[in-house]
Amino acid sequence: MQKIKIVSRASMLAKIQAEIVGKQLEDCYPELDIEYHTTTTIADRDMAINIAKSDSVGLFTKDISDKIINKKFDIAIHSWKDVPVEPSTKTEIIGTVNRGDMRDVLIIKKDIAKNKKKEIFQILSSSPRRKHNLEIYLPKLVPFNFDRLTFLDVRGNIETRLRKFVQGDSDGIVMAKVAVDRILEANDSKSIEFIKNIIGKNKWIILPLSIFPTAPGQGAIGIEARKDRKDLKNIINKITNKVVFDNVLKEKNILSKYGGGCQQKIGVSIYSQNGRTIFCMK
């Protein structure tokens, strides 16, 4: 029986995504022995790092890539949007599974939404892309007026960020909808109740890709392995959604032409629907 060691970050979302891949492998190859592991990255260990800096490439993935290179684990599972175009010189993204919802969701406190006019509207977000687009489009999306839009950087996993939103003075928070979806679809009843409570007690809007294209790779899971592991490529190929894989590669290549990295204000979303490929970029 072949054993495959899967590694991911230690966050709930990362573990859920590792299990999504692991279960698909088990369904396709019942003889496989899947072993799950977690680890931390530099961005997990140092919450003071500014992920929007120009040199912030691979903060959520490099430490994991090194463990793949050193043969401690076989494959790594990432949120593909966090992965540089080239993870390393010795590894690559060898596949992906079905993509989740690519869009961002904006959650606004219910009491704020009732106001007809607000002087300062503050949103939790560390993304230059999200900040830039919200400055342009938010006045057209909410049913009230405000004089000034400000942003407060926020780090941490989904639950940590949502707690900062609920307990702090900020008026709204924007995040990847797929992160919320995957936690709601998992088996952690406490987390599900926590998120449903926030959704139920506040107002929210799903931001359309047509005016709010997202980070390249958002919603997709990247499966990383050493470039010399042809055996793993053959195994992963059976569960890979090739249309999603090609679309994300196109998104990543476009980002790379502008320098790549979290500091870019570039949104690129490519998806296939009803036999057509739809391209959104800003």
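The values are calculated or read from the model by the stated rules, or taken from the named source; none is laboratory data. These figures come from a predicted structure and were not determined experimentally. Here the Cβ is made from the backbone with ideal geometry for all residues, glycine too, and neighbour counts use every protein chain on show. Each accessible area value is taken on the protein alone, full model and side chains, heavy atoms only, with ligands, DNA and RNA left out. Shrake-Rupley method; radii C 1.70, N 1.55, O 1.52, S 1.80 Å.
Key figures
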| item | result |
| --- | --- |
| Karplus-derived HN-Hα couplings along the stretch 199-206 (A = 6.51, B = -1.76, C = 1.60, θ = phi - 60°), whole Hz, x at Gly and Pro | 4, x, 9, 10, 9, 8, 9, 8 |
| Helix 12-28 vs. the chain, principal-axis angle (Cα, 0 to 90°, nearest 10) | 40 degrees |
| Sequence-separation-based contact order of the stretch 76-194, relative, with Cα cut under 8 Å and 6+ spacing, percent | 32 percent |
| Percent RCO, i.e. relative contact order, over the chain, from Cα pairs under 8 Å lying at least 6 residues apart | 27 percent |
| Amide H partners (placed H, <5 Å) of residue 142, local residues excluded | none |
| Mean separation of Cα contacts under 8 Å (6+ apart) over length of the stretch 114-249, as relative contact order % | 22 percent |
| Extended-chain gain in nm, criterion 0.36 nm per residue less alpha-carbon gap, residue 132 and residue 250 | 40.2 nm |
| Potential lengthening between residue 210 and residue 184 on full extension [0.36 nm per residue; Cα-Cα distance subtracted] | 6.8 nm |
| Rounded to 10°, Cα long-axis angle of helix 128-141 versus longest principal axis of the chain | 40 degrees |
| Under the Karplus curve 6.51 cos²θ - 1.76 cosθ + 1.60, θ = phi - 60°, whole-Hz ³J(HN,Hα) for the stretch 238-244, x wherever Gly or Pro sits | 5, 10, 6, 8, 5, 5, 4 |
| When each of 114/190; 118/140; 90/238 is checked by Cα-Cα distance, pairs over 18 Å | 114/190; 90/238 |
| Surface share of carbon and sulfur [accessible, 1.4 angstrom probe, percent] for the stretch 88-224 | 48 percent |
| Longest to shortest principal axis, alpha-carbon extents of the chain, angstrom | 64, 42, 42 |
| Estimated [θ] at 222 nm from DSSP helical runs (n ≥ 4, -39500 (n - 2.57)) normalised by residues in the chain, nearest 500 | -10500 deg cm²/dmol |
| Residue 38 long-range amide H proximity, modeled H, under 5 Å | 8 |
| Hz values of 3J(HN,Hα) by residue in the stretch 143-158 - Karplus curve (6.51, -1.76, 1.60), Gly and Pro given as x | x, 8, 9, 8, 7, 8, 9, 10, 10, 10, 4, 9, 10, x, 6, 4 |
| Pairwise FRET efficiency - residue 31 versus residue 145, Cβ, R0 = 51 Å, nearest 0.05 | 0.25 |
| Where the chain is the region considered: accessible area per residue in Å², 1.4 Å probe | 50 Å² |
| Interchain or long-range residues, amide H under 5 Å from residue 227's placed H | 91, 92 |
